[in-house]
1. For each pair in A:Lys44/B:Lys47; A:Lys320/B:Lys8; B:Lys56/B:Lys150; A:Lys240/A:Lys320, compute the distance between the two Cα atoms and list the pairs where it is over 21 Å.
2. Using the Karplus curve 6.51 cos²θ - 1.76 cosθ + 1.60 with θ = phi - 60°, work out ³J(HN,Hα) for each residue of region B:104-111 in order, rounded to whole Hz, and write x for Gly and Pro.
3. Over the Cα atoms of region A:87-216, compute the convex hull volume and normalise it per residue, giving Å³.
4. Quick one: putting +1 on the C-beta of Lys and Arg, -1 on the C-beta of Asp and Glu, what dipole do you get for the protein assembly as shown around its Cα centre, in Debye to the nearest 20?
5. List the trypsin sites (Lys or Arg not before Pro) in region A:471-540 that DSSP assigns to loop (not H, G, I, E or B) and whose Cβ has at most 12 other Cβ atoms within 10 Å. Which are they?
6. Give me the net charge for the shell around B:Ala155: Cβ to Cβ below 15 angstrom, other residues only, Lys and Arg +1, Asp and Glu -1.
7. Hey, what do the phi angles of region B:13-21 turn into as Karplus ³J(HN,Hα) couplings, whole Hz, using 6.51/-1.76/1.60 and θ = phi - 60°, x for Gly and Pro?
8. Rounded to the nearest 10 Å², what accessible area does B:Asp62 have for a 1.4 Å probe in the complete protein model?
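The values are calculated or read from the model by the stated rules, or taken from the named source; none is laboratory data. On a predicted model such as this, the values are computed, not experimentally measured, just so you know. No Cβ is skipped: glycine too gets one built from the backbone with ideal geometry, and neighbour counts run over all protein chains shown. When the accessible area is computed, the model is the full protein with side chains, heavy atoms only, and any ligands, DNA or RNA have been set aside. Shrake-Rupley method; radii C 1.70, N 1.55, O 1.52, S 1.80 Å.
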Amino acid sequence: MTRSDRLSLAHLWVAIVAFGVASAMAFMQALSRASLDLPWRSAKMYYLSVTAHGVLMALVFTTFFIMAFGYVVVSRTLGREPAPRGLAWAGYWLALAGCVAAAGTVLAGKATVLYTFYPPLQAHPLFYVGLAFLVVGSWCWSMVMLLSYRAWRRANPDAPTPLAMHGMMATVLIWLIATVGVAAEDLTQLIPWSLGWAPTIDPVLARMLFWYFGHPLVYFWLLPAYVIWYTVLPRVAGGKLFSAPLARLVFALFILFSTPVGFHHQFMDPGVSAGWKLLHTFLTFAILFPSFITAFTVTASMEVAGRMRGATGLLDWLGKLPWRDPLFSSIALSMILFAAGGIGGAINASFGMNAVVHNTAWIQGHFHLTVGSAVALTFMGAAYWLLPRLSGRELELALLARVQPYLWFVGMILFSISNHITGLMGMPRRVYDASYAGSTVAATWRGLTGISAVGGLFLFASAAVFMMVMVGTALAGRRREPEPIVWAEPLELEPARRTIFDRYLLWAAVAILLVIVAYAYPLWTHLRMARFGSPGFRPF
Amino acid sequence: MNVPLYEKIWMWASGFLIVAFLATITVGVAGSALQPPSHIETIDPTKVWNDARFAKRGATVDEHSATVVLIAMMFAFQPAEVHVPANRPVTFRVTSADVTHGFEIVGTNGNTMVVPGYISQFTTTFHTPGEYLMVCNEYCGLSHHLMSAKLIVEAQP
């Protein structure tokens, strides 16, 4: 095992453990939704588990998986160890310490503030300090990625960046721009206020800073999944990447449009003017475009694979694809779910229409199709592919691994469709008990919440299978020489020279310019307005 | 960049779809003033009970319209029952006495965040008389799910 693989494995295992704990928390919510009279069922337990599930899935599982995958991409596309190694390990330990602190405060019941931690709900200071450590740790990772790229670029001044690394460069740049918002919120507002140094806090300013970070966070999750779709999937499917230059364009467009869109999470907020919300709406729709291209290119790559495996008819290429390979089936199924989730996202972003779905069960139905499927299912599929290649152990319980993506798919269909419908019927999200003292309208949600709970059980079974395969492989997998990590080849060879897509400083500069256009004026007028701060509350 | 024909068609179609989405939003804004609640007015969140703007809570109805003033608090709306007339524009003015809440009239497009220090305001018209459920839709503490109130829309003779 090389040093860089040890680094990747260390990150991967934090992601897997976080996923396991977060899944257990989801199980408790599913049972609670079914209104079963279980002995440990209580409102305190429910809201605690919502918080722990959100923090561990959205912030810990994703970030650590992406850090692991980033180091794999550096070592396998640039042909060099991620460096400086000390900085990489410092980032790992900082982020891990931060996660343990934040998750520990949540599990101790001192930070039941959900993963969005909107003030003036006030968590224990250790929760906010833990988050700061996680962010700083991820910055160390970002620096290692950038420095490794720079060292490679010096040795290869004229070569195009390998496609997988190109996608990871976009991921890193988006992350660095986005985390400025959450760092500002955490360091200037939340930490001083939770420690009692500042008596009050401005919740709308906090929401602006959080969502400045909160939407590009979505692309920080999604882009590594896209990297896997573009550069791993075609090869595993037995084909080639349909169009490499468009893949490069897609990642570049994400650098530009990921950040200046945060107000579409604040459509229903007072204190933010409608005109700026409309501008963010337009920019939000611009970001649909690269995902539309991705849908075509990745599907076309699958067709190429099917035809290379001997298909000749209009649709028989679908049947030739390796549906028993867990990486392939995970991604194919996650794409189907993501297509529905993406269209739902366009509805959420539709300015006036948002009022019908805002903070209803529709929203959890939506993001379990996007981050909960397109991202999480892809990462699980990728873990089956990655773990044997990094650890030199054969995948244990491979038959279970084959079934697992389908279990997730069925569970997510049940969970997501029922939540979209109850959302349209007006059921709020994240409620321990949706009976509202015998309200007649609330009674109409009943049957569907039951279906949602059944979906949750399927998802939990799927997550449990995933954990068994991972742990089984680590403990009992047969040792052997690991297969090499090989990336998909493009159908048409790319020119062997640098192009505009390799000019990352330029893309980052335009992205920052767009951020200034979208945020500078509203932020400035907000800070100049006469505002009243709010003291903290701990109703948990 | 060499883009295959079918993908070119797909890209143009995607671009057209996005423009069509944005056109419907623009028509909604220009034609029917379909806008999210975006009122900008601040208030001292520690003194809402003494603030003149929130002294008279509940509905005030005149011949052409109605205004409903509400305070959201852990874990109730004040007042807990409101009566408004059907087919007249009703303006809701809501603020919070403690944490951030949500305010949603189930089955309608009445929906806004209620953030301490700020006053949320939106106007809507109810065409169907009957009893509506008003709920908090933003997590606000361990009894969040108990936070609701009644809205009675009364038919007009």
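1. Over 21 Å apart, Cα to Cα: A:Lys44/B:Lys47; A:Lys320/B:Lys8.
2. For region B:104-111, the Karplus-derived couplings read 9, 9, 4, x, 10, 9, x, 7 Hz, x marking Gly and Pro.
3. Spread over its residues, the Cα hull of region A:87-216 gives 112 Å³ apiece.
4. About 1400 debye.
5. Passing both the DSSP loop test and the Cβ count: A:Arg478, A:Arg480, A:Arg497, A:Arg503.
6. -1
7. The phi angles translate into 5, 4, x, 4, 4, 5, 4, 5, 4 Hz.
8. About 90 Å², rounded to the nearest 10.
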